[in-house]
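Beneath this line is the structure, given in structure tokens, with notes to follow.
Nothing in this text is a laboratory measurement; each read-out follows from the coordinates by a stated rule. On a predicted model such as this, the values are computed, not experimentally measured, just so you know. Note that we place each Cβ from the backbone using ideal geometry, even for glycine, and neighbour counts take in every protein chain shown.
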Amino acid sequence: MKAVQTETTGSLENLRLVDLPEPQAGPGEALIRVEASAVNFMDLMRVKGLPFDVPTPLPFVPGAEVAGTVVALGEGVEGLEVGARVFGASGQIFNGGWAELTTARAAGLTPIPAGMTVEQSAALTVVGASAAIALIEAARTAAGETVFVPAAAGGFGGYALQIAKALGATVIAGASTPQKRQAALDLGADHAVDYRAPGWTEEIAQLTGGTGVDVVLEGLGPKHLGESLSILAPFGRAVIYGVLPGYGAIADVDALTALVNDPSQAQSVAGFNVTHWLTRRRQAALGAVGRLLGWIADGTVTGPRTTSLPLTEAAWALSLLERGENIGKTVLIP
Ligand SMILES: NC(=O)c1ccc[n+]([C@@H]2O[C@H](COP(=O)([O-])OP(=O)(O)OC[C@H]3O[C@@H](n4cnc5c(N)ncnc54)[C@H](OP(=O)(O)O)[C@@H]3O)[C@@H](O)[C@H]2O)c1
């Protein structure tokens, strides 16, 4: 079967389209004929050899999630039939999706929802589930609150803004170009600002009548965190879900000090990792994902738009993500 593989980490140029033996479904697994597989930031981090919380053994076939048809079942699988069209996380360690065939933990697979294309389903698990758990469980977003969503024209952000709307919140989207801000408004954001431009926090103050936002998602990293904390209203919650190149290094200590020194504001800052929620707070996490699937079923949430590329364009797709030039999700079609 055809697959995209890298034998060494460090550069997108190491990705090759290769012929590999067909994988077999082990105990508890399904073998899936892949129809689409999403391109996620975690693929980029692993191909580049950046620090990531799951090991990346070499040679490595990226592709953390897929949608496709079940063609075989491993020992002990119940409640899933050959021929079912499903989506979910691929491999044992979010790997192997950029291929014609892949294995997946059967228990983690879900039927493709009515009204969703195979491409949308292929890009639902990693960013959709994460955004739902982050907003519903980590941030405890309530109806009537205001939520700030960064990189709102991207994958995580596109889902986050629609989920926040579904929860009854007012959404201020952050995106770096006019085209991306329009994409965020098209997805349902109430306002869109350039959250990487100087003075953007004043724009938030104006939009919120000086109060600030109840929930701020932080997806750039420590260097942006200070500005994000400065737009937080009393009782506001900041949830840090990502660190992008250029925004790491030292956290804005002044902003944290201000937050700690004035406990009367009752604000809080939480870290977020979807894998930890799905393993250590599984019931709560699955409850949030269930609500997302309900909103998808009734059309409240559509997810970010998807762009399809052939497997041969895997390196190009990752380079778009690396340069921050993607709008919505890219999916690879074998
Ligand atoms: N914590 C978790 O469990 C979890 C789960 C899933 C994803 N994530 C994280 O969520 C983030 C978004 O993932 P995604 O796949 O949905 O990507 P994405 O949001 O579709 O793309 C990243 C966006 O970030 C912005 N950006 C700002 N600085 C950037 C830089 N230096 N390099 C690249 N992009 C930059 C760009 O939007 P603008 O131009 O509008 O700024 C870009 O479009 C990643 O950090 C990922 O690791 C975390």
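Per-structure values
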{"item": "Residue within segment 90-103 that is part of a helix (DSSP H, G or I) and among the β-branched types (Val, Ile, Thr) present", "result": "no"}
{"item": "Phe52 being free of Cβ contacts under 8 Å to residues at least 24 places away in the same chain, in contact with a helix residue (DSSP H, G or I) (Cβ under 6 Å, 6 or more places away or on another chain) and of a type outside the set (S, T, N, Q)", "result": "yes"}
{"item": "Meets criteria (under 26 Å from Gly10 (Cβ atoms), in contact with a Lys or Arg (Cβ under 9 Å, 6 or more places away or on another chain) and either touching a residue at least 40 places away in the same chain (Cβ under 8 Å) or of a type in the set (Ser, Thr, Tyr) (or both)) for Leu321", "result": "no"}
{"item": "Scope segment 107-158; condition within 17 Å of the chain's Cα centre (by Cα), of a type in the set (Gly, Ala, Ser) and assigned to a loop (DSSP other than H, G, I, E, B); matching residues", "result": "Ala123, Ala139, Ala151, Ala152, Ala153, Gly154"}
{"item": "Unique match (being near the ligand (Cβ under 9 Å from one of its atoms), surrounded by 24 or more Cβ atoms within 10 Å (Cβ to Cβ) and not β-branched (Val, Ile, Thr)) among Ser176, Ser121, Ser130", "result": "Ser130"}
{"item": "Any hit, segment 139-157, residues being within 13 Å of the ligand (Cβ to nearest atom) and surrounded by fewer than 24 Cβ atoms within 10 Å (Cβ to Cβ)", "result": "no"}
{"item": "Segment 60-86 residues that are surrounded by fewer than 20 Cβ atoms within 10 Å (Cβ to Cβ), paired with ones that are part of a strand (DSSP E or B) and among the hydroxyl-bearing types (Ser, Thr, Tyr) (beta carbon under 7 Å, 6 or more apart)", "result": "Gly83/Thr69; Arg85/Thr69"}
{"item": "Counted residues, segment 276-318 - those being part of a strand (DSSP E or B), within 13 Å of the ligand (Cβ to nearest atom) and without any contact (Cβ under 8 Å) to a residue 40 or more places away in the chain", "result": "1"}
{"item": "Within segment 315-334, considering residues that are crowded, with 19+ Cβ neighbours inside 10 Å and polar (S, T, N, Q), the one nearest to Gly63 (Cα to Cα)", "result": "Thr330"}
